[in-house]
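Worksheet for the structure shown next.
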Amino acid sequence: MFIKKQPKEQQELYLSLLQAVGSLSGLFSDSPNPYLYYRSAERAFCKAFQAEDLSREDSSYDAKKEGVGIGLKTFLYKNGRCLEKVAEFNSTSNILRNLPPEELIFKIADLRNKRIAFTKNAHGLTSALYHCITRDNGKFSIFECPLIPINTAQIIIDKKSLDKNTLSFSDDVHEYKFSLSKSTLFKRFNIKDNIITDIPVSVLEDPFELVQRLLSENKTTGHTQDTSTIILPLYSERDREVPTKSGLNQWNAAGRERHEDEVYIQIPRWVSTHCPHFFPSRDTLFELKLPDGKTLSAKSCQDGGQVNGINVGKALMSNPNKDLGKWILRHILNLLPDELCTLDILEELGIDSVEITKISSSHYKINFAPLGSYKTFCDTYKK
């Protein structure tokens, strides 16, 4: 269990934060069950346990700490056997469309397992679990259980569900359901008799009065770190494919002999025009932090001309170049040498781009971005 291994003062802070948030339930609901917005639960968890927040990544986990990936969930206790959403596959509907029901179940299990492995590899995790907060009359209850892949060798299909909108199956540990209409995978959480702790919650009769008082008494000014973020595609905008001889397959280009891990990530011209000061000038080295905390030496390179008098690059590379390719191709995508990266491979993992965050002029972070992220970035900023 995660929570019981944390310092006592962090546990106490966490419980008090949940009680405080729960006391404000009257802002959102008239139900006797205290309300807990899932983002509030995630922020309380990360604040109390000093965990890294992964919730913005749309990955298999919402937080991580000391090599442990954590899926955070909050839902009503009901009867203690709750069927809850654990994954969505809307972005890969083209892969799933028209598959026979039994084949579809195994494909969903495979995609689910690949995404778990992808996040584990990207963040250097050693284990994972679900940390659940259930809501009941006058209290929250905390429950934890392992977050593990679906055992495809032990899948048992409920044959009666094959002609219905919801397919039911199980492995040797868990029970699952897949909604065809919603492209959503659900897992049953058996909470009864496995609760770690109950948290009594007193809901304020008039929470608006408290909020007004706090606002009037608040004399402090908050300060936020000045950061900016761009999204770079891992595919060609021209044909929406991963080029076979450039980008993530640069190692396959003709001409000189190339290392098997040689890659680069395209920096579209319009991105450089939109934010010419985002990267240092071309060929200037900077630190690029990976999701697992390791760092690479990197640079923008390949002559992209000048924008506002600044020499810009049209490719993001590591220094040496093979370091970035080793991380993406071997460690994350698990591709063999000479195996081409394709858009289908990326889509199975639910990604098609990377997010680059600028911390300072010499320090940046990189992470994978969900399907459609680059298109959304273009629609928002491209003129």
Checked I148, I70 against criteria (surrounded by 15 or more Cβ atoms within 10 Å (Cβ to Cβ), of a type in the set (V, I, T), within 21 Å of S40 (Cα to Cα) and assigned by TED's automatic domain parsing to the domain that holds Y176); the one match is I70
Filtering the stretch 25-49 down to residues that are buried (at least 19 other Cβ atoms within 10 Å of the Cβ) and aliphatic (A, V, I, L, M), which residue is nearest to the chain's Cα centre (by Cα)? A41
Sort through D172, D163, D193 and tell me the only one that's charged (D, E, K, R), over 22 Å from I105 (Cα atoms) and assigned to a loop (DSSP other than H, G, I, E, B). D193
Under 30 Å from I3 (Cα atoms), of a type in the set (V, I, T) and in contact with a Pro (Cβ under 6 Å, 6 or more places away or on another chain): which single residue out of I148, I142, I116 fits that description? I116
Could you please give the count of residues in the stretch 1-38 that are within 19 Å of S202 (Cα to Cα), of a type in the set (D, E) and not in a loop (DSSP other than H, G, I, E, B)? 1
In the set K182, K164, K187, which member is in contact with a strand residue (DSSP E or B) (Cβ under 8 Å, 6 or more places away or on another chain), modelled with pLDDT under 95 and either on the phi < 0 side of the Ramachandran plot or surrounded by 16 or more Cβ atoms within 10 Å (Cβ to Cβ) (or both)? K182
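Condition check ((1) of a type in the set (D, E, K, R); (2) more than 20 Å from R269 (Cβ to Cβ)) across all residues:
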| position | (1), (2) |
| --- | --- |
| L290 | no, yes |
| L316 | no, no |
| N321 | no, yes |
| I328 | no, yes |
| L333 | no, yes |
| D338 | yes, yes |
| G350 | no, yes |
| G372 | no, yes |
If you check R330 against the conditions, is it basic (K, R) and either more than 30 Å from A51 (Cβ to Cβ) or buried (at least 21 other Cβ atoms within 10 Å of the Cβ) (or both)? no
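The values are calculated or read from the model by the stated rules, or taken from the named source; none is laboratory data. No experiment lies behind these values; they were computed from the predicted model shown. Here Cβ is always computed from backbone atoms with ideal geometry, including for glycine, and neighbour counts include all displayed protein chains.
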